[in-house]
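Reading through the structure tokens given below for one structure.
Just so it is clear, none of the values below were taken in a lab; they were calculated from the coordinates. For clarity, every value in this text was computed on a predicted model and none was experimentally measured. Counting neighbours? That spans all protein chains shown, and the Cβs are built from the backbone with ideal geometry, glycine included.
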């Protein structure tokens, strides 16, 4: 079955990130000069303007910063079977913020500050999307 | 260093009808609004030498409009790629161009078939290149979806309620009822607001602005010249454009914005009021960019009409009503008049300052604020009669 929803188009800045997702590893850039983590991937560290960078594997832990529940599908044909779904901004343990989906959770049960962890969803053979699910109480 | 206070004026305004299906080209709409602004000022197209606009790949180039109008020699023409953030910026571009000697008489317009043509609210680049690769694959595609994230953050941080958001929508509608140009003129109650369906939680249908076909235009020239023209001139006291750090890679992107519980407004406030030489307490009428209800709260807070986080209680207490201390969006705003991307706010501010606002006139309005923008960047003007 063809995947019709938007698929990321990796570029020279982001190829490493999406390759990491494909192998179910959440990779982040870390500035080699000042240690600042950054996401989305970019060519220059906005904190110190260095171009030197290392890629590190993130913990995959995050907290919910903000979220929405999409109830009206746009475009309809692509999302009518998905609604309601949750899009969230999550703050990664390493600092940067990511847009993602919260899955494995009633959309009405999402709360601010909720602890979540990364889980990869296969979209195609080449692309896996980093989504997040609630961390079960007591799990570590 | 701004030393241009009251040196430039809006000498003419013009609009088309606002509708869902104009049946006209954007070029027709733009030309019609520009000719109306010139006629209002009593200036011939032969005298125009500058023309500026903003667009979202949904409009017509400034030189195309100048060509339609038979402008003999354009010396300054700029098409700024932008969203609502640019709606006041283009007026400042006109001022800057005249001050720099690049032009003398400058038309500013925004024209779009925003409902029957390209629907800005309905989606964006689905190919997920560039910054979009980090958002669209998660089904985060439309502007209502983008800005609901900001609204939620304000609710988390300050306890802002649906009823407070609803007050913005209801106030706009009450004003639109009195505005013969408004697209939505049926009265709206809080119950109507709360009963409207969720589009993208926390936004209900009535938190979201209209989609419109139409155009608005203004004519900017020197104050000494404007005094000799047909209308009472409206002076530009000051204006500002900008936002904070990490404004993002396009108008949707705010992944690196520090905190979505506030927007651009706080970052331009000191610049704006410093240039204008007045403060929030001096404003008689405020036309505040309202693509969504929440953005009014953030701009009221950011520009200092109330404290950070208190926008909800401020509007719930009736402060923004037409007969309240700070009448807001007297035309009905983007929520109920029309979505001409914030440029209709400029038209309304000028109408109010001239005393031409009819049934919705704020008595003795001397100083008006217009704002434009809802997220990481925006612009504002302070105008006086």
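General observations
- Shape category assigned to the protein assembly as shown from the gyration tensor of Cα positions, a/c cut at 1.5: prolate
- Remark: mean inter-chain Cβ contacts per residue of A:86-93 equal 3, using a 10 Å Cβ-Cβ cutoff to other protein chain atoms.
- Sequence of A:14, A:66 once ranked by neighbouring C-beta atoms within 10 Å, starting from the fewest: A:14, A:66
- Crossing angle, helix B:265-276 versus chain B [Cα axis fit, 0-90 degrees, rounded to tens]: 30
- Sorting the segments A:47-54, B:89-96, B:245-252, B:191-198 by their residues' average number of neighbouring beta-carbon atoms within 10 angstrom, most packed first, yields B:89-96, B:245-252, B:191-198, A:47-54.
- Put in order of Cβ neighbour count within 10 Å, fewest first, the listed residues B:143, B:109, A:79 become A:79, B:143, B:109.
- Relative exposure of B:356, A:16, B:345, B:55, judged by other C-beta atoms within 10 Å (fewest first): B:356, A:16, B:55, B:345
- Helix B:343-354 vs. chain B, principal-axis angle (Cα, 0 to 90°, nearest 10): 70
- Mean separation of Cα pairs under 8 Å and 6 or more residues apart, divided by the residue count, gives segment A:15-134 a relative contact order of 24 percent.
- Average beta carbon contacts from partner chains per residue of B:198-209, 10 Å cutoff: 3
- Sorted peptide list for A:120-128, B:16-24, A:84-92, B:290-298, criterion being average Cβ within 10 angstrom, highest first: B:290-298, A:84-92, B:16-24, A:120-128
- For segment B:331-385 versus segment A:24-81, the gap between their alpha-carbon centres in whole angstrom: 38
- Dividing the mean sequence gap of close Cα pairs (under 8 Å, 6+ apart) by how many residues chain B holds gives a relative contact order of 24 percent.
- Cα centroid separation - segment B:111-180 against segment B:238-277, whole Å: 18
- Equivalent ellipsoid dimensions for segment A:28-100 as semi-axes, Å, which come from the Cα gyration tensor, largest first: 32, 13, 9
- Acute angle (nearest 10 degrees) that the helix B:26-41 long axis makes with the longest principal axis of chain B, alpha-carbon atoms: 60
- Considering only beta bridges that DSSP places wholly inside chain B, some 70 percent are antiparallel.
- Computed [θ] at 222 nm, deg cm²/dmol, the protein assembly as shown (DSSP H ≥ 4; -39,500 (n - 2.57); rounded to nearest 500): -7000 deg cm²/dmol
- Look at the stretch B:140-150: the mean tally of other chain Cβ atoms within 10 Å of its residues' Cβ atoms is 5.
- Euclidean distance between Cα centres, segment B:10-35 to segment B:292-314, Å: 32
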